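A short write-up of the structure that comes next.
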């Protein structure tokens, strides 16, 4: 499978256009910073996430197999090969990356990739649009800027996100220091779907230890980066533009932590909470940056 490789100073990154433009590697001084889990081939085959996957057209879970937005009523086919269904029996992480044809142009310090959202994907998300991804590797960070442009007379609901799996080399997760500078933690039901209510987070700063995280947050108006620090190195996710929510995911027993930028809370296609629409012909852009210090 073809990889596009980028290099800047002590950082190297790789992306796989034929597997949904997933970021499959990010190294600092030769150390891998992305959780590899089941790897690239399994992601391309089944959508089993790793690295930096693009979650589109919805991030994280939906609360059911149907939604209605802008006069369009959609019934999702739970047997569709494009759908990913998780252990709670709900659709998760949008549609599988297979079949979305990305065209890539490499440039100094990065790449630009474009794809048309059309064809059979419109059965699950009947909102034609074009996607453009600008990737820049420079200095101490990797920036991903995603632009969605409606290509028909139909507005497009915005609920995509990313799921960076981060690892801190040289220290066990029990020693990782986490900083989540947020004030509103989304309350979830038994299926881990937001209820619409929020509270002050019980955990925002401290050692990860044996703590398990799978928590959604509303970002403040001027969000500060989520960070994890250990062994003299800090990794962070900076929310630059367009992202209003985030998820922190660190399952107990796994040497990884995820800080997930989201343009809407989980289940927004059904709840409509925090859901925005891109008007016909008007681009919507969201950007985030993964940085390394140390």
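The values are calculated or read from the model by the stated rules, or taken from the named source; none is laboratory data. Since the model is a prediction, treat every value here as computed from it, not as a measurement. Neighbour counts are summed over all protein chains in view; Cβ atoms, including those assigned to glycine, are modelled from backbone coordinates with ideal geometry.
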Checklist line | Qualifying residues in segment 91-124 (those that are part of a loop (DSSP other than H, G, I, E, B), more than 18 Å from the chain's Cα centre (by Cα) and in contact (Cβ under 8 Å) with a residue 40 or more places away in the chain) - the one nearest to residue 149 (Cα to Cα) | finding: 124
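Conditions tested, residue by residue: (1) without any contact (Cβ under 8 Å) to a residue 24 or more places away in the chain; (2) touching a strand residue (DSSP E or B) at 6+ places or on another chain (Cβ under 6 Å); (3) within 26 Å of residue 160 (Cβ to Cβ).
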site: 201; (1), (2), (3): yes, yes, yes
site: 210; (1), (2), (3): no, no, no
site: 218; (1), (2), (3): no, yes, yes
site: 224; (1), (2), (3): no, no, yes
site: 229; (1), (2), (3): no, yes, no
site: 234; (1), (2), (3): no, yes, no
Notebook entry, point to check: Can you tell me how many residues in segment 158-170 are crowded, with 24+ Cβ neighbours inside 10 Å and over 16 Å from the mean Cα position of the chain (by Cα)?
Noted result: 1
Check: Can you pull out the strands (runs of 3 or more DSSP E) entirely within segment 38-86 that have at least 1 residues that are touching a strand residue (DSSP E or B) at 6+ places or on another chain (Cβ under 8 Å), loosely packed, with under 13 Cβ neighbours inside 10 Å and at pLDDT 90 or above?
Finding: 66-69, 72-75
Check: Given (1) without any contact (Cβ under 8 Å) to a residue 40 or more places away in the chain; (2) within 21 Å of the chain's Cα centre (by Cα), where does residue 197 come up short, assuming only one miss?
Finding: (2)
Note to self: Show me the strands (runs of 3 or more DSSP E) found entirely inside segment 215-294 where at least 1 residues are modelled with pLDDT under 95.
What the structure shows: 284-293
Margin query: I need the full set of residues from segment 15-37 which are touching a helix residue (DSSP H, G or I) at 6+ places or on another chain (Cβ under 8 Å) and not in a strand (DSSP E or B), in order please.
Written below: 18, 19, 20
Next item on the list: Please determine, by comparing only the residues of segment 125-141 that are at pLDDT 95 or above and not in a strand (DSSP E or B), which one is farthest from residue 288 (Cα to Cα).
Entry: 126
